[in-house]
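Structure first, commentary second.
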Ligand SMILES: [Zn+2]
């Protein structure tokens, strides 16, 4: 999940932390808190919960790091903690009635809107009009993404987390590669239709 | 997607999406070169990825907030995980203190010198060994930044008031491991019983955990109820089933952490 150089650096940071150098832990937070947040966001679909989970992730890591033996890479370990905590949080939210209710079975072949509803995807930032359109699009995309069925959203979000590839995502979600490929496609197609792109 | 007359049939959304990620089949990739319609779909997917990434951008001060949260949690964690007793200068004192049977006092006294405490931005939660902290010092699970460290409530022994046959108060925080037949079913039951109260769910060594802050009386009732459901309590600390008569209740909030272990 990360290249040799960065995992070496992680190992060094962990060693330093084990030797009592607190700044090393803070470096790990600086380096990876964003990814923990993004993974949690993929599961939970909202920023507040994602931040809460990201914090929990590092509280746990801080506690467990002295015993971390480095059998797996730090990032792999951290991603799993983030995913588990986010799923717990999701289950908890759901048990309290906060679940989303979007059909997973809607057809997504795109055949119903292939003609007429698209507009050209313009280069960003050329004119104030285009800028406004893009800002608006960004807002809409965010809102629609949060409304996606969670399996699609998870896959698409994880695809856009730095340095995660299909194999990493399949590993994290415990799915086959083909399933991931299909979910990412469905998420994209669903969003494209909803935003009439 | 329409069938452009000059090309093979258009690939499906999955193929186009795979092309965007550099994983399309050679046929699909080739098709995209020639078919404006499919290329436009691929461009839309790329744009969506860009928009998703923008949406995913963490708050700019996330790392700082997390560092503060970790520091607070560490400060609230009375027994450090690190081998603080191996720190220079501590071992001798520890040996002396152990001889005197005053380990608990030592732990409290040394906490500001532990590695975790040096990270703290908030003053460490000092407390005498046998006196409960004020209610205001009990972390509120509903608050993101002062949330209790759900993974590490220590056993209650250090803070438990030592009674002498008299009723004693419950510790301000304690942890129970319950042995249950069906973990998921038991978790649902628990959520049903505790209802709308704030419960933080977590995982500890693969076991589901539930942390809640309840008035002492409610914790006792909960423990009685769970025992009546044939859950088996493995922990000797804190509220014990059907032993409410031995507890001095004051309505004080107690942080109760429950670990579900399957049989
Ligand atoms: Zn085509």
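Give me A:65, A:156 sorted ascending by neighbouring Cβ count inside 10 Å, so fewest comes first.
Lowest to highest Cβ neighbour count: A:65, A:156.
Residues of the stretch A:36-79 with an amide N closer than 12 Å to a point placed 7 Å from the Cα of residue A:163 along the Cα-to-Cβ direction: A:36, A:73-79. Partner shielding of A:148-160 amounts to 2, given as the average count of beta-carbon atoms from other chains within 10 Å of each residue beta-carbon. The alpha carbon centroids of the stretch B:244-263 and the stretch B:11-27 are separated by 56 Å. Peptides B:203-213, A:80-90 ranked from most to least packed give A:80-90, B:203-213, packing being the mean of other C-beta atoms within 10 angstrom over each peptide's residues. Take each residue of peptide A:134-144, count the partner chain Cβ atoms within 10 Å of its Cβ, and average: the result is 3. Exposure proxy ranking for A:159, B:188, A:63, B:252, based on other Cβ atoms within 10 angstrom of each Cβ and starting from the fewest, stands as B:188, B:252, A:63, A:159. Taking packing as the residue-averaged number of other Cβ atoms within 10 angstrom, the listed peptides B:9-17, A:136-144 run from highest to lowest as B:9-17, A:136-144. Among A:14, A:184, a tally of other beta-carbon atoms within 10 Å of each Cβ gives an order, fewest to most, of A:14, A:184. Highest-first packing order for the peptide set A:39-50, B:44-55 is A:39-50, B:44-55, based on the mean count of other beta carbon atoms within 10 Å. Within 10 Å of the Cβ of each residue in A:73-85, the mean number of Cβ atoms contributed by other protein chains is 1.
FYI, it's all coordinate maths here, none of it is from the lab. None of these values were measured; they are calculated from a predicted model. All Cβ positions, even for glycine, are placed from backbone atoms using ideal geometry, and neighbour counts span all protein chains on display.
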